[in-house]
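Contents: one structure, followed by commentary.
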Amino acid sequence: MTLIGADVVAKIKTVYDSGVDVRHILDEDAELVQYVREMFRTNGDVVKRLNECLSRNNVSVSDVREGCLEVTFTCENVESFRNFRGLYCSGELEHILCKAFCFKFGNKGLKSVKLTITMQ
């Protein structure tokens, strides 16, 4: 059996400072989704390091969805899936996502993001 392309859906939970007014979090998360979507669509400066890291491992971002923030990563083959799994398990993927997106929203109370992927 040959794996040709596999999508991995990552759920990204936002973590805000405890002093932030909870009523504004939904608005901030919606704005963050739009920002993340636009950055990946245009290969913006904030995602260049992430895209380079993913590209070296034959992985790309193929979709960003609302709800909780969901990012779909597409792995080209078995090896790229293994590489992606390594990035996730080591915490490097979450670290790069935090560096890419928390800075812009830090003044609105965004402290970090937590990445959750269910892998078999």
Any hit, segment 69-77, residues being closer than 21 Å to E52 by Cα, out of contact with any strand residue (DSSP E or B) (no Cβ under 9 Å at 6 or more places or on another chain) and touching a residue at least 40 places away in the same chain (Cβ under 8 Å): no
Near pairs, Cβ below 6 angstrom, 6+ apart or cross-chain, from segment 46-63 (farther than 15 Å from E92 by Cβ) to any residue that is not hydrophobic (A, V, I, L, M, F, W, C): N58/E76; N58/S80; S60/T74; S62/T72; S62/T74; D63/T72
Residue match in segment 50-61 (condition: of a type in the set (V, I, T) and surrounded by fewer than 17 Cβ atoms within 10 Å (Cβ to Cβ)): no
Residue satisfying all of: in segment 64-92; of a type in the set (D, E) and either under 11 Å from the mean Cα position of the chain (by Cα) or surrounded by fewer than 14 Cβ atoms within 10 Å (Cβ to Cβ) (or both); farthest from D29 (Cα to Cα) among these: E79
Given (1) farther than 17 Å from L115 by Cα; (2) at pLDDT 85 or above; (3) touching a Lys or Arg at 6+ places or on another chain (Cβ under 6 Å), number of the condition D17 does not satisfy: (2)
Members of segment 38-79 found to be among the hydroxyl-bearing types (S, T, Y) and not in a helix (DSSP H, G or I), listed by number: S60, S62, T72, T74
Tally, over segment 83-120, of residues that are more than 18 Å from N51 (Cα to Cα) and among the hydroxyl-bearing types (S, T, Y): 3
Filter pass, L97 being part of a strand (DSSP E or B), surrounded by 16 or more Cβ atoms within 10 Å (Cβ to Cβ) and either at positive phi or touching a residue at least 60 places away in the same chain (Cβ under 8 Å) (or both): no
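The values are calculated or read from the model by the stated rules, or taken from the named source; none is laboratory data. Everything numeric here is computed off the predicted structure, so don't read it as measured data. Using ideal geometry, Cβ is built from the backbone for each residue, glycine included, and neighbour counts are taken over all protein chains shown.
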